[in-house]
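Report on one structure; see the data block that follows.
The values are calculated or read from the model by the stated rules, or taken from the named source; none is laboratory data. Model, not experiment: these values are computed from the prediction. Neighbour counts run over all protein chains shown; Cβ positions are idealised from the backbone, glycine included.
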Amino acid sequence: MAADPVAEILRFQQLFESPGFIFGQVVAPPGAWGHVAMATDVDDFVDALYDNGWVAPFEGGSFQAQAEEYFEKPDRLDTADLDTLRRLLTLHVRKDRFADGHLLSMFQTGHMQAILRRLRSLHES
């Protein structure tokens, strides 16, 4: 684990907020089901989440409704604490394992970037 695990995550923020950054794409060979291929930087981000303790064990099912509220009402992130941000990051990374494309969607809607902005705000205060 890095000396500053928050900084290890936040180093991706500027890249993910860059206009035109491609987070991934759906790859659908002719005659086959498609799958999502994430950008290498997104894969590196997910690895950094694991390596720095941001993917934490907890019962995600019981947090699902709360997580949906943070997505549907983004201003709620303005008051989210570190534990909530960790749970959100964990939920989105894990959910992508069972719902291919979930994480891509969270990036494309700006939700993951909003989580990182809140994390930066907490880190700087």
| query | Can you name every residue in the stretch 50-62 that is within 23 Å of residue 13 (Cβ to Cβ) and assigned to a helix (DSSP H, G or I)? | reply | 50, 51
| So residue 124 fits all but one of (1) within 18 Å of residue 12 (Cβ to Cβ); (2) surrounded by 11 or more Cβ atoms within 10 Å (Cβ to Cβ); (3) at pLDDT below 95; what number is the exception? | (2)
| Considering the stretch 23-33 alone, what residues qualify as being exposed (fewer than 12 other Cβ atoms within 10 Å of the Cβ) and assigned to a loop (DSSP other than H, G, I, E, B)? | 28, 29, 30, 31, 32, 33
| remark: Flagged pairs (Cβ under 7 angstrom, 6 or more apart or on separate chains; first in the stretch 1-29, farther than 13 Å from residue 42 by Cβ; second of a type in the set (Val, Ile, Thr)) are 26/36
| field | Any hit, the stretch 63-72, residues being in contact (Cβ under 8 Å) with a residue 60 or more places away in the chain, surrounded by 16 or more Cβ atoms within 10 Å (Cβ to Cβ) and among the hydrophobic types (A, V, I, L, M, F, W, C) | value | no
| note | residue 36: passes all of (1) in a strand (DSSP E or B); (2) surrounded by fewer than 11 Cβ atoms within 10 Å (Cβ to Cβ) but (2)
